[in-house]
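Working notes, structure below.
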Amino acid sequence: MARIIQCVPNFSEGRNKDIIEKIVEEIRIIEDVKLLDYSMDKDHNRTVVTFIGEPEKVIDAAFNACKVASELIDMRSHTGEHPRMGATDVIPLIPISDVTMEECVELSKKLGKRIGEELNISVYLYEKSAESLSRENLADVRRGQYEGMADKLKEKDWVPDFGPIELNEKSGVTAVGARMPLVAFNVNLGTNDISVAKNIAKSIRGAAGGFKYCKALGIEIKERNIVQVTMNMVDYTKTPLFRVFDVIEREARRYGVNVIGSEIIGLLPMAAMIDVAGYYLRLENFDHGQILEKRMME
């Protein structure tokens, strides 16, 4: 069985396609690495890239992409709806085949050290790679965003794991870590009232007493004159998409607002969508082996 890990770096650029193409090309050219997807979001001003491959080759591709991002993206002029702290904002590593989570943790440390030393970028380890509980949650690591990082890096509790304690003003800060597959899931609301999206996001956010494995924010989608509940579902096996969607829909009705659509950013495990279909279709005795494509891949 081939040893495969997945990498899903997020870059703080979603408007200039030429920049993203140059970053993505660094992934395409690495042998034994396969680019699966990349999606740009103008409002978030962010691009999510997904690729898989042999572990050491994935680390090389991630580093090279981060290097080009540090050359082409200037955080001093960056604006966007999505929270961010660096040109390469976050690099998660996910075990896929014949690789353990522990191995991904060690790979994340290797990558983080290289970014810190060779690119002079401050790096925090997060999720399974974090060496303290306060750094497990990416939202905690990113709190203060780019604008607050110069001061944060100097705090005793927030000395970076790798790289300088002085902010690299152009490139910002990067988080690197090993984690479970994450589903980036957004729900669009038929209103431009940002308070509605923020109130709903708070009601479902794990940190505020909602769903433990859901991170949520309310943001504006100015191009469409609507608002959105944008989410990271950090463990879809314990907090399924359909359950969160149902609550958002019920909460929206309280404000006289309709859900007008939803979207998945990047890729997601097939099991996450099978769970949604099973719930809404009320399937009885359904087995994942009944999925044609799944049987074909066995």
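Condition check ((1) open to solvent by 60 Å² or more (accessible area, probe 1.4 Å); (2) not in a loop (DSSP other than H, G, I, E, B)) across all residues:
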site: 14; (1), (2): no, no
site: 18; (1), (2): yes, yes
site: 37; (1), (2): no, yes
site: 71; (1), (2): yes, yes
site: 91; (1), (2): no, yes
site: 103; (1), (2): yes, yes
site: 109; (1), (2): no, yes
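Quick one: residue 51 ticks every box in (1) touching a residue at least 60 places away in the same chain (Cβ under 8 Å); (2) part of a strand (DSSP E or B) bar one, so which box is it?
Unmet for residue 51, out of (1) touching a residue at least 60 places away in the same chain (Cβ under 8 Å); (2) part of a strand (DSSP E or B): (1).
How about the range 39-56: which of its residues are surrounded by fewer than 17 Cβ atoms within 10 Å (Cβ to Cβ) and either of a type in the set (Phe, Trp, Tyr) or closer than 20 Å to residue 118 by Cβ (or both)?
56 - this is the single residue of the range 39-56 that is surrounded by fewer than 17 Cβ atoms within 10 Å (Cβ to Cβ) and either of a type in the set (Phe, Trp, Tyr) or closer than 20 Å to residue 118 by Cβ (or both).
List the residue pairs whose Cβ atoms are under 6 Å apart, where the first residue sits in the range 257-278 and is open to solvent by less than 30 Å² (accessible area, probe 1.4 Å), the second is in a strand (DSSP E or B) and among the aliphatic types (A, V, I, L, M), and the two are 6 or more positions apart or on different chains.
257/189; 266/48; 266/184; 272/183
Filter the range 139-178 down to residues that are under 18 Å from the mean Cα position of the chain (by Cα), open to solvent by 20 Å² or more (accessible area, probe 1.4 Å) and of a type outside the set (S, T, N, Q), then give me how many there are.
Residues that pass the stated criteria total 6.
So, residue 281, is that one open to solvent by 60 Å² or more (accessible area, probe 1.4 Å) and more than 20 Å from residue 44 (Cα to Cα) or not?
Values: open to solvent by 60 Å² or more (accessible area, probe 1.4 Å): yes; more than 20 Å from residue 44 (Cα to Cα): yes.
When the stated conditions are applied, residue 281 passes them.
The values are calculated or read from the model by the stated rules, or taken from the named source; none is laboratory data. Predicted model, so just to flag it, every value in this text is computed and none were measured. For neighbour counting, all protein chains shown are included, and Cβ atoms are generated from backbone atoms with ideal geometry for every residue, glycine included. In case anyone asks, the SASA skips ligands and DNA or RNA and just uses the protein heavy atoms, side chains included. Shrake-Rupley method; radii C 1.70, N 1.55, O 1.52, S 1.80 Å.
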